[in-house]
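Nothing in this text is a laboratory measurement; each read-out follows from the coordinates by a stated rule. It should be emphasised that the depicted structure is a prediction, and the values quoted were computed from it without experimental measurement. Reconstructed Cβ throughout: ideal geometry from the backbone, glycine too, with neighbour counts over all protein chains shown.
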Amino acid sequence: MANSTGLNATEVAGSMVLILAVVVEAAALLGNGALLVVVLRTPGLRDALYLMHLCIVDLLAAASIMPLGLLAAPPPGLGRERLGPVLCGASRFLSAALLPASTLGVAVLALARCRFIVHPLRPSVRPAPSLVLTAVWATAALLGALSLLGPPPATPPAPARCSVLAGGLGPFRPLWALLAFALPALLLLAAYGSIFLVARRAALRPPPPARGARLRSDSLDSRLSILPALRPRLPGVKAALAPALAVGQFAACWLPYGCACLAPAAQAAKAEAAVTWVAYSAFAAHPFLYGLLQRPVRRALGRLARQAVPRCPRTCTLRTWHPRALLQHLKEPPEGAALGRSEAPEQDPGLARGAILSMPKAT
C-alpha cells in the first residue's frame, strides 16, 4: 500500500513537471514568434537585427532541443522514449551550439543597447552587426563540434546521456562553461553597469531653469514651497530596474547550468533535468524581458493590434462631445428667440390699448 502511494505521488509529480515544461515550451514558441513578427513589421527599431537574431535562436531551441527533452527518457528528458545514436548525437550538438548562441546573443544585444545609450553620436565605435553575429555563430559551431567528441551513448538499460552536462564535451566542459556562460555574464555586467551609471547620472542632474522664470520672493510661503517632499524620490531606483531584471534573469536561468558544467560528471547527472529546464526557461523569458519591457516594442505591438482589430461603428462622433463644440452649441439662441420684428405675430392695437387702460394704478 505504501509502495503504491509513493508510486502515485511520483507519477503525479512527474505529470506536474511535464505540464510545466509544456507551458514553458508553448510560451517560448508563442512569445518569440510574436516578437519576431513585431520586429519584422517595425523597421524603425534601432537594435532590430540583434533582437531578431535572439528570437530566431530561441525559436530554433524551442523547436528542437526542448521537444527532444519532452520526449526523451530521463535524464535530462521528461518523457519515456529512449533516443537512438543519431538523435542522441543531434541533441548533443544542438544543445552545445544553441545554448551559447542564445547567451552570446543576449550579451551582444546588451552591448548594442549600451553603445546606443552611452555613445549615441559616435558611430565609429559600433562594429558591423554581420561581423558580430559571425563571431557568435563561429563560437557556437566550435562548441557544438566539440560535443561530438564526447563518449558515445550508453547501451540499454543505462541512460543515454545525450546532454552537455553528463554525456557530451568530456574534458571540454570547462571551456564550454567559460565561453557559453562566463564570457556572456561579464559582457552583460559591463554593458548594464554602464547603462545604469549613465541613467543614474542623468536622474541626479538638476533640471535646467525655465526660460523667463522670475526670481522667488523672500516670503515665508516661497520658502515653504521649495522644501523637499515628505517622501523624496529615489533617482537610482528606476535607473536600476532594467539592468537588475536583465542580470537577475540571466543569473537565475544560467548560473545553475554553468555551475553544473564545472562539477564532476557524476554529480552533474543527478541535477541534470532540473538545471537543464531552468536554463530552457530563459527562452520563454526573453520575449517579455527584451521585448515587452521596451517602449518602442510596446508601441509597435499596440499599433499592430489596433490595425488587426476592426473598429466598431459609433453612433455618436467624438466631435459632438468636444468642449469647443459643446460651448458653441450652448451659445446658440433657441428657436423662435431670435425672430425679427417683421417675423413677430401681429397684435390688435385696440386690444392692447384696452389692456393698458384696464390695469390698476399703483398706489
Given the range 1-110, what whole percent of its Cα pairs are spread farther than 20 Å? 53
With +1 on each Lys and Arg Cβ and -1 on each Asp and Glu Cβ, and nothing else charged, work out how big the dipole of the range 1-118 is about its Cα centre, in Debye to the nearest 20. 340
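Over the range 71-120, what portion of Cα pair distances is larger than 15 Å, expressed as a whole percent?
Percent of Cα pairs beyond 15 Å in the range 71-120: 62.
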By average Cβ neighbour count within 10 Å, what is the ranking of 295-301, 135-141, 275-281 from highest down? 275-281, 135-141, 295-301
Peptides 261-268, 51-58: what's the order by average Cβ count within 10 Å, highest mean first? 51-58, 261-268
Radius 12 Å from Cβ of Gly69, net charge of other residues (Lys, Arg +1; Asp, Glu -1): -3
Between beta-carbons, use under 12 Å as the cut-off and find the net charge around Ile195, counting Lys and Arg +1, Asp and Glu -1. +4
